[in-house]
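**Student:** This is the structure, below, for whatever I ask next.
Just so you know, all these numbers are worked out from the coordinates, no wet-lab data involved. Every value quoted in this text rests on a predicted model; they were computed, and no experiment measured them. Here the Cβ positions follow ideal geometry from the backbone for every residue, glycine too, while neighbour counts run over all protein chains shown.
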Ligand code: CP
């Protein structure tokens, strides 16, 4: 059966079949050969960033340029009117335009709308419900691309899957994927850790989370076995380094800070990595999350992952927006 993704949104890896993932990754890999045919000539998308970005923004803009189309980048509150996101809000403060009006307007002018909006980090239940992403989808008249939401980052998942297939081997099934918690000055959200776990689970990898006590996330959504170890040296085929705030103290960040500070020795160094491949989505706090030796070492896939962000972005735009 042929894969047809035209007109589809991309909100999570969970919405793609295995066949659709394979098709997108094959399309992404083929993008290494420049395509001068401008298959998306005349097609525009809008990429809305409520939070900063380097890779996602550059990949989105470059992907559309390479495919002959156009990407308009908007940063509400900076270069566009600041959004009000609360339903029923009396807008007599500093917000100028309601999300529903902004998204309704944007989606009437473009063929696809990307949205980046990080977790509020106040309530686990609220962040897990993805209220902003859902509000954008509800208000949009065109397909929506999740450019990182409260708890997911599907374009990172696809780039990471492609990097693992290319570097570890096409058959990832049965290989061990270690999600390695790392120190960080600030509590970070679960979007990338969960996106990485989704990628590993879809590849059929054995999943191990290596984290201090109090940092084990609820991974029931994965519907795959997950081993949690409170051991820094948790050898595997792949070590995916990422920091996140302690779920056991979610929203109580003053209390959580003291717990996190006790684990500054969880930096991924050569001993913790062992012979595994090293992965990180970037940006990274060097010599806090992982040492220079590891990040710049022969087993590091960080450049590969970053390069793949452009390839998968082109594949997703081409496959969802092509005539
Ligand atoms: N990995 C990633 O999404 O990078 P940016 O935050 O720079 O977009």
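**Student:** Normalised by the empirical 2.2 N^0.38 Å for globular proteins, what value does the Cα Rg of region 26-76 take?
**Tutor:** Against the compact-globule rule of thumb, the ratio is 1.22.
**Student:** Let me know the whole percent of all Cα-Cα pairs from region 60-212 that are separated by more than 26 Å.
**Tutor:** 40 percent
**Student:** Convex hull volume of the Cα atoms in region 152-276, per residue, in Å³?
**Tutor:** About 96 Å³ per residue, rounded to a whole number.
**Student:** If we count other beta carbons within 10 Å of each Cβ, what is the order of 288, 312, 90, fewest first?
**Tutor:** 90, 288, 312
**Student:** Let me ask something else about it. Checking a compactness column here: for region 196-262, what do you get for Rg(Cα) / (2.2 N^0.38 Å), N being the number of residues?
**Tutor:** Against the empirical 2.2 N^0.38 Å value, I get 1.18 for region 196-262.
**Student:** Continuing with this model, one more query. Computed over the Cα atoms of region 248-310, what is the ratio Rg over Rh, Rh following Kirkwood?
**Tutor:** Using only Cα positions, Rg/Rh for region 248-310 is 1.07.
**Student:** With the Cα gyration tensor of region 75-158 giving a ≥ b ≥ c as the square roots of its eigenvalues, does the rule (a/c under 1.5 for rounded; else a/b larger than b/c for prolate; else oblate) give rounded, prolate or oblate?
**Tutor:** In terms of gyration-tensor shape, oblate.
**Student:** As a check on your grasp of the helix formula, calculate [θ] at 222 nm for the chain: sum -39500 (n - 2.57) over DSSP H runs of n ≥ 4, divide by the residue count, round to the nearest 500.
**Tutor:** It lands at -10000 deg cm²/dmol.
**Student:** Determine the shape class of region 1-88: with a ≥ b ≥ c the square roots of the Cα gyration tensor eigenvalues, call it rounded for a/c under 1.5, and otherwise prolate if a/b is greater than b/c, oblate otherwise.
**Tutor:** The shape class here is oblate.
**Student:** Now for a separate question. How would you order 219-228, 273-282 from highest to lowest mean count of nearby Cβ atoms within 10 Å?
**Tutor:** Top of the packing list down: 273-282, 219-228.
**Student:** Related question: How would you rank 253-261, 162-170, highest first, on the average number of other Cβ atoms within 10 Å across their residues?
**Tutor:** Ranked by mean Cβ neighbours within 10 Å, highest first: 162-170, 253-261.
**Student:** Diagonalise the Cα gyration tensor of region 209-321 and give the resulting equivalent ellipsoid semi-axes, square root of 5 times each eigenvalue, largest first, whole Å.
**Tutor:** With the √(5λ) rule applied to region 209-321, the semi-axes are 26, 20, 15 Å.
**Student:** Can you give the three extents of the C-alpha atoms in the chain along their principal axes, from longest to shortest, in whole Å?
**Tutor:** Its Cα atoms span 52, 51, 34 Å along the three principal axes.
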